[in-house]
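The values are calculated or read from the model by the stated rules, or taken from the named source; none is laboratory data. A quick note: this is a predicted structure, and the numbers were derived from the prediction, not measured. Using ideal geometry, Cβ is built from the backbone for each residue, glycine included, and neighbour counts are taken over all protein chains shown. Quick note on the areas: whole protein, heavy atoms, side chains included, nothing else; ligands and nucleic acids left out. Shrake-Rupley method; radii C 1.70, N 1.55, O 1.52, S 1.80 Å.
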Amino acid sequence: MHLARIPRRHYTDGRTPIEPLPRLSEHLGGPDIYIKRDDLLGLSSGGNKTRKLEFLMADALAQGADTIITTGAVQSNHCRLTLSAAVKEGLKCHLLLEERVEGSYDENSSGNNLLFRLLGAESISVVPGGSDLMAGMEEIAEQVRQRGGTPYIVPGGGSNALGALGYVACAEEILAQSFEASLPIDHVVCSSGSGGTHAGLVAGFHGNQSGIPVTGISVRAESAPQASKLHALANETARLAGADREVPAEAFTVDDGYVGPGYSLPTREMTAAIQTFARLEGILLDPVYTGKTAAGLIGLVQQGHFATDSNVLFIHTGGSPALYAYPDAVLATDGA
Ligand SMILES: *Cc1c(COP(=O)(O)O)cnc(C)c1O
């Protein structure tokens, strides 16, 4: 795989740190836990979408786009970062928000929603959960064309093969950092949502024959359909990156035991994980993705899933602006 052949914009200066979490590791009494600080990536308040957007925005610019259209949930980090990238490139940006939880959109809510308005989205439209989002974005694209503009659609979560290349790059970055620090990583744990992060990491680790297993903690879908979606996306991504070997289906492990009642709906384990990371390590997670993923990490450690002499790397995919939109869930007293 040779990613330098693929056009890319640069939104982060250098690598994100890998840091030890000694107080959390001691508290849990399991393996040594490390964190990949992708919450410190570039663009407005960082997060995993920044890596995907480096490739997606390069493609948009190559196609002469002047307007970006994308979609996400009402507190979407992806929409915030896509809008931020568009601002940086001098492009307009329209957001199509999916109200996955009925009644959850509030024009005046805080968190990412406040930032959509601050960053100057060209338009924000809201549709009910389950709507045909691609059709909705195509409609906006048609309106842009009628006004003489050139639209570019970024899929939800930035999770097509081009976007997932960002996490092939992250896998290669992790391998380089672990070599330099003489820190053999035995296992990686990440969020599994629209899938570009999980699929890209697996494609990257597999394509480099590193043998590092990845466990994805689902934030929405059930394990089986999520794993088959990831398998298809990872192979498309690997082909685009120039890999000459298929990623086998067995490479995809999805744990759907931490979703709770549904996407973005709080769970006790999520609240406890957010409070534990904040109070032991000063790390801010988010209620929708990394809080549930950290709950999964903690659950796996408690089940004895990892050898106590192993090194486990947790990917912090960002999202902390959403904390401010869910104060009750974040501070619930039955959490910790
Ligand atoms: C989008 C997102 C994820 C999930 O990543 P996917 O590539 O969509 O699976 C995880 N964490 C945060 C903070 C996100 O915004």
The stretch 49-158 - percent relative contact order, Cα under 8 Å, separation 6 or more
37
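Mind running the shape call on the chain? Use the C-alpha gyration tensor, a ≥ b ≥ c as the square roots of the eigenvalues: rounded below 1.5 for a/c, prolate if a/b tops b/c, oblate otherwise.
oblate
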Carbon and sulfur: what percent of the chain's accessible surface (1.4 Å probe)?
49
Among LEU41, LEU201, LEU300, which one shows the biggest mean-square fluctuation in a GNM of the chain, springs joining Cα atoms closer than 10 Å?
LEU300
Of GLU107, GLU172, which has the most accessible area and how do the rest follow, probe 1.4 Å?
GLU107, GLU172
Taking the alpha-carbon centroid of each part, what is the distance from the stretch 98-174 to the stretch 235-308 in angstrom?
23
In whole angstrom, largest first, the equivalent ellipsoid semi-axes that the Cα gyration tensor gives for the stretch 180-336 are 28, 18, 13
By its C-alpha gyration tensor, with a ≥ b ≥ c as the square roots of the eigenvalues, how is the stretch 49-158 shaped: rounded for a/c under 1.5, else prolate for a/b larger than b/c, else oblate?
prolate
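How much net charge surrounds ALA169 when only other residues with a Cβ under 12 Å from its Cβ are counted (Lys, Arg +1; Asp, Glu -1)? Spell out each step's value before the answer.
Numbers: positive: ARG8, ARG15, ARG51, LYS52; negative: ASP38, GLU54, GLU172, GLU173.
Once positives and negatives cancel, what remains is 0.
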Spin-label point model (7 Å from Cα, Cβ direction): what's the GLN143 to ALA307 distance in nm?
5.7
Rounded accessible area per residue of the chain, 1.4 Å, Å²
41
Rounded to the nearest 500, the 222 nm mean residue ellipticity computed for the chain from DSSP H runs (n ≥ 4, each -39500 (n - 2.57)) alone is -13000 deg cm²/dmol
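How do 215-221, 25-31 rank on mean C-beta neighbours within 10 Å, highest first? Could the numbers behind the result be given before it?
Working: 215-221: 23.7, 25-31: 16.4.
Put in order of decreasing packing, that is 215-221, 25-31.
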Calculate the dipole size of the chain relative to its Cα centre from +1 charges on Lys and Arg beta carbons and -1 charges on Asp and Glu beta carbons; express the result in debye to the nearest 20.
620
Output the peptides 252-261, 79-88 sorted from most to least packed, where packing is the average of other Cβ atoms within 10 Å over each peptide's residues.
79-88, 252-261
So for the stretch 36-98, using the alpha carbon gyration tensor with a ≥ b ≥ c as root eigenvalues (a/c under 1.5 gives rounded; past that, a/b versus b/c decides prolate or oblate), I'd call it oblate
Among the aspartates and glutamates, which fall within straight-line cross-link reach of LYS36, defined as a Cα-Cα distance under 12 Å, with same-chain neighbours fewer than 8 residues apart omitted?
GLU19, GLU173
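Would you work out the charge dipole size for the stretch 22-156 about its Cα centre, treating the Cβ of every Lys and Arg as +1 and the Cβ of every Asp and Glu as -1, and quote it to the nearest 20 debye?
440
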Taking a cut-off of 22 Å between Cα atoms, list the lysines near LYS88, but don't count ones fewer than 8 places away on the same chain.
LYS49, LYS52
Quick one: accessible surface of ILE153, probe radius 1.4 Å, all protein chains present, in square angstrom to the nearest 10.
40
Span-like helix ranges in the chain, DSSP H, alpha carbon extent 27 angstrom or more, Kyte mean at least -1.0:
161-180
